[in-house]
Amino acid sequence: FKMVDKFLQEDYTPRRHLLVLADSGTGKTSFLLNYYADSARRRKRQTIAIVPLGARDPDRLIASIPNKEETGIFLDAFDEDVRAIADYRSRMSELIEACKDFRRVVITCRTQFFRSDEEIPVETGIARIEPRRAGEAGIHEFWKVYLAPFSDDDVKLYIRKRYPFWDRKGRRSATTLALKVPFLTARPMLLAYIPE
């Protein structure tokens, strides 16, 4: 949250586009929703709009958002956008163009969507019309952030919060089950199914 706060709040930053990458099921959508909810509770709140790119007509949703210059837009699940699946390069260009008037743009995507690191977009294609230091690019670039999977301590914390201290039997069986699932830390959404 602190890093996204800094990204959204800085008045002058050479980066206006943040690409949040993570594996399937690691909480990209949850991150955006939780950030939105957290931001709404603050005294100095940010204006944020969330658009699911898997929706029927995300371009219409983007165009309908008012006060673009004061709004940070969160585009969720680039990998679920039908047009991105067909041609992700041209679709990314279309989205960047559609969001050019927004204050900041955050896009989430599965890391597996790109076949290699070289395919992950670096440049947005939007020229920087502002003073720059020597050596800085003349085109806006993506700032890439990877959401890290849960650690073993995060799994334990989840179980402690899910099963109160008086439910020792539930905690013990959940912990036993969690230890049997290989790579659970990389697929934290599976924790939601422990009770079943």
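Counting only Cβ charges, +1 for Lys and Arg and -1 for Asp and Glu, the dipole size of region 18-84 around its Cα centre is about 460 debye. Surface composition of region 1-69: carbon and sulfur make up 49 percent of the accessible area, probe 1.4 Å.
For region 46-102, the solvent-accessible area works out to 51 Å² per residue, with a probe of 1.4 Å and every protein chain left in place. Less than 5 angstrom separates the built amide H of residue 144 from those of 19, all sequence-distant by 5 or more or on a different chain.
With both labels modelled 7 Å from their Cα along Cα-to-Cβ, the residue 42 to residue 57 distance reads 3.4 nm. Fully extending the segment from residue 29 to residue 148 would add 41.5 nm, taking 0.36 nm per residue of separation and subtracting the current Cα-Cα distance. Relative to one another, the C-alpha centroids of region 92-107 and region 52-76 are positioned 9 Å apart. With each label modelled as a point 7 angstrom along the Cα→C-beta vector, the residue 168-residue 111 pair spans 4.0 nm.
The values are calculated or read from the model by the stated rules, or taken from the named source; none is laboratory data. As the structure is a computational prediction, the values presented were derived from the model and not from experiment. Because the Cβ atoms are built from the backbone with ideal geometry, glycine has one as well, and the counts that use them run over all protein chains shown. Ligands, DNA and RNA are stripped out before the accessible areas are found, and what is left, the full protein with its side chains, is counted by its heavy atoms. Shrake-Rupley method; radii C 1.70, N 1.55, O 1.52, S 1.80 Å.
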